[in-house]
Amino acid sequence: MIKVFISYSVADRGLVQRIAAELQPHAEPVFWDQDKELGEDAWRTIFGWIDTADCVVAIITDKVVSRGESVNQEIGYAKAKGKTVIPVVLCTVEKNRLGCLNGITYVEFDGGNLPPTIDALNRRLAAMDQNKQRQQGLAILVVAALVLLAISGGGK
């Protein structure tokens, strides 16, 4: 299962909770309103979640575009760390206002019709999960081959 950090405006909390619940089959989502711990440094916590995430899902609504400094910081940090960022953009958002997400392929959603967006996200996350599992399988094979080589005295 892959780890997903969800970046969003706190004004979109209800939408994020619905999306996170629907990602559960393929992903382990973390986001501020669900996973914060009182007394912890907010940015250290958020950056830690991004560091351990396989990807970042950025929920972009008009609320984010009008005042989304935190979302911009999270996306910038994720991009600097080489994380895949998957923008989920509300259809009313002007595309010329996507800022650092401009040029990244995104899924557009209509606030009243979320299932196609969830389906698109789950397909992408499932593909990422399969790729992660293949890479882990290859790593195990390489380690096993090295151990067998060492046991058999290969190379001597």
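The values are calculated or read from the model by the stated rules, or taken from the named source; none is laboratory data. Since the structure is predicted, the reported quantities are computational estimates derived from the model, not experimental observations. All Cβ positions, glycine included, derive from the backbone under ideal geometry; neighbour counts span all protein chains shown. Side chains included, ligands, DNA and RNA excluded: accessible areas come from the protein's heavy atoms. Shrake-Rupley method; radii C 1.70, N 1.55, O 1.52, S 1.80 Å.
Quick look at the numbers
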| read-out | value |
| --- | --- |
| Number of the exception - Phe47 against (1) of a type outside the set (Ser, Thr, Tyr); (2) crowded, with 18+ Cβ neighbours inside 10 Å; (3) in contact with a Phe, Trp or Tyr (Cβ under 7 Å, 6 or more places away or on another chain) | (2) |
| Condition met for Gly82 (part of a loop (DSSP other than H, G, I, E, B), surrounded by fewer than 22 Cβ atoms within 10 Å (Cβ to Cβ) and free of Cβ contacts under 8 Å to residues at least 12 places away in the same chain) | yes |
| Identity of the residue in the stretch 18-39, at pLDDT 80 or above and out of contact with any helix residue (DSSP H, G or I) (no Cβ under 8 Å at 6 or more places or on another chain), that ends up nearest to Ile75 (Cα to Cα) | Glu28 |
| From Leu114, Leu125, Leu121, residue being in contact (Cβ under 8 Å) with a residue 40 or more places away in the chain, touching a Lys or Arg at 6+ places or on another chain (Cβ under 7 Å) and farther than 16 Å from Val64 by Cβ | Leu114 |
| Residue list for the stretch 92-111, restricted to those being in a helix (DSSP H, G or I) and touching a residue at least 40 places away in the same chain (Cβ under 8 Å) | Leu101 |
| Qualifying positions in the stretch 115-155 - among the hydroxyl-bearing types (Ser, Thr, Tyr) and open to solvent by 50 Å² or more (accessible area, probe 1.4 Å) | Ser152 |
| Filter result (closer than 20 Å to Asn113 by Cβ and hydrophobic (A, V, I, L, M, F, W, C)) within the stretch 12-27 | Leu15, Val16, Ile19, Ala20, Ala21, Leu23 |
| Scope the stretch 63-76; condition over 12 Å from Leu101 (Cβ atoms), open to solvent by 70 Å² or more (accessible area, probe 1.4 Å) and part of a helix (DSSP H, G or I); matching residues | Lys63, Ser66, Glu69, Gln73 |
| Residues that are aromatic (Phe, Trp, Tyr) and in contact with a Pro (Cβ under 8 Å, 6 or more places away or on another chain), drawn from the stretch 4-48 | Phe5 |
